[in-house]
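Accompanying notes for the structure given below.
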Amino acid sequence: MVPMAGAEFTGVVGRALVVEDERPLAALVASYLERDGFEVAQAYDGAAAIEVARSLDPDVVVLDLGLPGVDGVEVCRRLRTFSDCYIVMLTARTDEIDRLIGLSVGADDYVSKPFSPRELLARVHAMLRRPRASGTRPGPVEEPVRAFGPLRIDPAGREAFLGGVLVALTRTEFDVLEALSARPRFAFSRRQLIEAVWGASWVGDEHLVDVHVGHLRRKLGDDPGAPRFIRTVRGVGYRMGPGTDKSAAGDA
Ligand code: CA
């Protein structure tokens, strides 16, 4: 795909897949992404989305929740079995985001309709600015592995190990864990985590943080009632590091 004249990009910035059965909306979102330098494919139902994603190997998937046949939640689940692409889920109503939080579907971000394509693009860019799993960024200093009891977090390799076993995290989940573990004992507000992971320009429902912390806790086998790794700081947000309550002895 040739970038448009005047575009700041000098090549394809990535591959994007737009999954939306409302074809005019799919075309609109696709046109914005193309103008931004993405190679874009469109799919109009869930089954086609999975098929296209397997061959395209997208960096970003804009995924509508309401699809005929296989719905967005199921598409997201299936995508996550073979891809760690960035998934932005489109929902028809703001309150659907709460339901999605409960379902733990594995999307990286949520945008409710109606939305501005510019806002969507801003979010995609914020996500893509983050380091990639392949780790091609030249880091000035190799960061040491962080240890929290049986949990090891390797910022350079972007991997987490629990009892020596690799934990399969999405990029966003790793980024949240990376941010929290970079400042152990520091109580992050949701907004501070948003800024650390999604960027200062991110606008939306800050409970997105809870979605990802929920996923992390599940994957780390953490009980929210008695967490070993990610603690809830009531009225503030989250932190890592040893517990402060006197009953919580034994944190190494
Ligand atoms: Ca739809």
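The values are calculated or read from the model by the stated rules, or taken from the named source; none is laboratory data. Please read these numbers as outputs of a predicted model, since none were measured by experiment. Please note: Cβ atoms are built from the backbone with ideal geometry, for glycine as well, and neighbour counts cover all protein chains shown.
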Failed item in (1) more than 15 Å from the ligand (Cβ to nearest atom); (2) over 17 Å from V203 (Cα atoms); (3) without any contact (Cβ under 8 Å) to a residue 40 or more places away in the chain, with D71 passing the rest: (1)
Test result for R78, of a type in the set (K, R) and modelled with pLDDT of 90 or more: yes
Residue that is nearest to the ligand (Cβ to nearest atom) [pool: residues in segment 21-61 that are in contact (Cβ under 8 Å) with a residue 60 or more places away in the chain and within 20 Å of the chain's Cα centre (by Cα)]: V29
